[in-house]
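This report concerns only the one structure given below.
Taken together, the values in this text are just the output of simple stated rules run on the coordinates, not laboratory data. This is a predicted model, so every value here is computed, not measured. Backbone-built Cβ (ideal geometry, glycine too); neighbour counts: all protein chains shown.
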Amino acid sequence: MLINGDCFEALQDLADSSIEAVVTDPPYGLGACTPAQVAECLQAWSSGKTWKPKGSGFMGKAWDAWVPPPELWREVLRVLKPGGARSCVCRVKNSGPYGHELEACRV
């Protein structure tokens, strides 16, 4: 099955442990976040809080202002079958935030 849609909406419709693999190329978060905002974001995520960037990304869209939050990755882990695979394409600059998100939402 191939699902093309808003991941926050599509994942909610899937049952727990129902997917064998998730392959995604999420937004790269190429907005104009300052180092202080990045630190604020990581601190919020580390304490289980939500953080949303202000402004927009390089495409002028709010969805591209920053990388997806840990809530997304919790949903991915929820729908993955035990031993399921996830492949997340991201640029090297963003591997830190993505790695932190994935680590923060381990179940």
Note, segment 64-76: 3J(HN,Hα) by Karplus (6.51, -1.76, 1.60, θ = phi - 60°), whole Hz, Gly/Pro = x, goes 9, 6, 7, 6, x, x, x, 4, 4, 6, 5, 5, 4
Spelling it out for A65: with amide H atoms placed in the peptide plane at 1.01 Å from N, the residues 5 or more places away or on another chain with amide H under 5 Å from its amide H are G57
Here, A10 and K81, labelled 7 Å along Cα→Cβ, have an inter-label distance in nm of 1.9 nm
The simple spin-label model distance between S17 and M1, using points 7 Å out along Cα→Cβ, in nm, is 1.7 nm
In whole Hz, the Karplus estimates of ³J(HN,Hα) for segment 36-44 (6.51, -1.76, 1.60; θ = phi - 60°; x where Gly or Pro) are 5, 5, 4, 4, 4, 4, 5, 5, 4
In order over segment 29-34: 3J(HN,Hα) from phi, Karplus 6.51/-1.76/1.60, θ = phi - 60°, whole Hz, x for each Gly or Pro, gives x, 8, x, 9, 6, 7
Listed by chain and number, the aspartates and glutamates with an alpha carbon less than 17 angstrom from that of K61, same-chain partners under 8 positions apart left out, are D6, D25
